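Below you'll find the structure, written out as structure tokens, and then a few comments.
The values are calculated or read from the model by the stated rules, or taken from the named source; none is laboratory data. The structure displayed is predicted, hence computed values, not measured ones. A quick note on method: Cβ atoms are made from the backbone with ideal geometry, for glycine too, and the neighbour counts reach across all protein chains shown.
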Amino acid sequence: MSEIKEVRIGDLIPFQLQSSQTYHGERLEQLASSINNVGLMTPIIVRPVEGGKYEIICGHNRTNAMGELGRDTISADVREDLSDDEALGLFYDSNLNQQSFSDWNYSQKIKAIQYTESLIKKNSQQGKRSDLLEKKDTTTDGETSVQGGHKSEEKSRRNTTRDRMARRMGIATATLSKYRSIIKLPDDLIEVLAQLLDEKEITFEAAYRMSGLKPHAVEWLVKHVGRSSSMKIDLAKLKELCALSKEINKQDSPRQLSHDELKNVLVPKDTKIKPIPRKE
């Protein structure tokens, strides 16, 4: 159900994925001036949440502009029954129409993919069928299968889902898979990696490669790179370390990577590193 009504700006909260990419300074002033001259052309989109508040799905900049004008209320399209999936879709459509996914910083990209993946997991646990998931059934022997098909079909459907997600974000499915690998790390390490990526202290490929290591190894590496460090990561050596880690994990009694093995990945920041040749 949808209803257009005036909503108090003080009762609005930003969408969970809303980032610092909202308008500031002159750009916000221009939007406020336009609204002041011709009015608010399109209502913002919100949905009710707990405590009598409304979550903004589309229209964060317009809301901020109205606040700059000293307005207490704003015209809103209130969507009573908007699901998390639908809200996410509207948010993506609105924001990616204004700027591409590549314009977001890494913290924002990672947060967006974390949120999307959490919805997929939530729907899966609830047994919902949507564009993200295949409906499941339980066979007599307790194994999970896809109704009317095989496990290979389930995998194909999920791959199709990832393809659709990647297309919406404007990135390759392989790139999305790398993000999904990164967000499997503990939350504190994800946050540190995102910050290092934003500060250009590590490359995205290095972050992805590190996500394949055990958390203790990632924690050691991130402590030894960054603005306060004189060291950086040699990607070729990191790839070798990841290969070594995989071999160790195959052993009957796997051990942790040693500090010397981890230290070998680091080189002084002024070291010129030859790019890794791409396979044709």
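Taking the stretch 1-19 as the range and being touching a helix residue (DSSP H, G or I) at 6+ places or on another chain (Cβ under 8 Å) and either in a strand (DSSP E or B) or free of Cβ contacts under 8 Å to residues at least 40 places away in the same chain (or both) as the test, only Leu12 passes. With respect to being in a helix (DSSP H, G or I) and exposed (fewer than 12 other Cβ atoms within 10 Å of the Cβ), Glu26 fits the description.
Within the stretch 225-236, the set of residues being more than 12 Å from Pro268 (Cβ to Cβ) and either of a type in the set (S, T, N, Q) or more than 23 Å from the chain's Cα centre (by Cα) (or both) comprises Arg227, Ser228, Leu235, Ala236.
Considering the conditions (1) surrounded by 15 or more Cβ atoms within 10 Å (Cβ to Cβ); (2) modelled with pLDDT under 90, Ile273 is excluded by exactly one of them, (1).
Cβ-Cβ contacts under 7 Å between residues 6 or more apart (or on different chains), taken from a first residue in the stretch 227-251 that is under 17 Å from Glu199 (Cα atoms) to a second residue that is loosely packed, with under 14 Cβ neighbours inside 10 Å and not hydrophobic (A, V, I, L, M, F, W, C), are listed as Arg227/Glu199; Ser230/Pro268; Ser230/Lys269; Met231/Pro268; Met231/Lys269; Lys232/Lys269. Only residues that are closer than 18 Å to Met231 by Cα and in a helix (DSSP H, G or I) were counted in the stretch 244-269, giving 5. Tallying residues that are surrounded by fewer than 18 Cβ atoms within 10 Å (Cβ to Cβ) and touching an Asp or Glu at 6+ places or on another chain (Cβ under 9 Å) within the stretch 37-50 yields 3.
Just one of the numbered conditions (1) assigned to a helix (DSSP H, G or I); (2) buried (at least 18 other Cβ atoms within 10 Å of the Cβ); (3) not hydrophobic (A, V, I, L, M, F, W, C) is not true of Lys232: (1). Contact annotation: residue pairs with Cβ atoms under 8 Å, 6 or more positions apart or on different chains, pairing a residue in the stretch 37-59 that is of a type in the set (Lys, Arg) with a partner that is outside any strand (DSSP E or B), are Arg47/Glu80; Arg47/Leu82; Arg47/Ala87; Lys53/Asp11.
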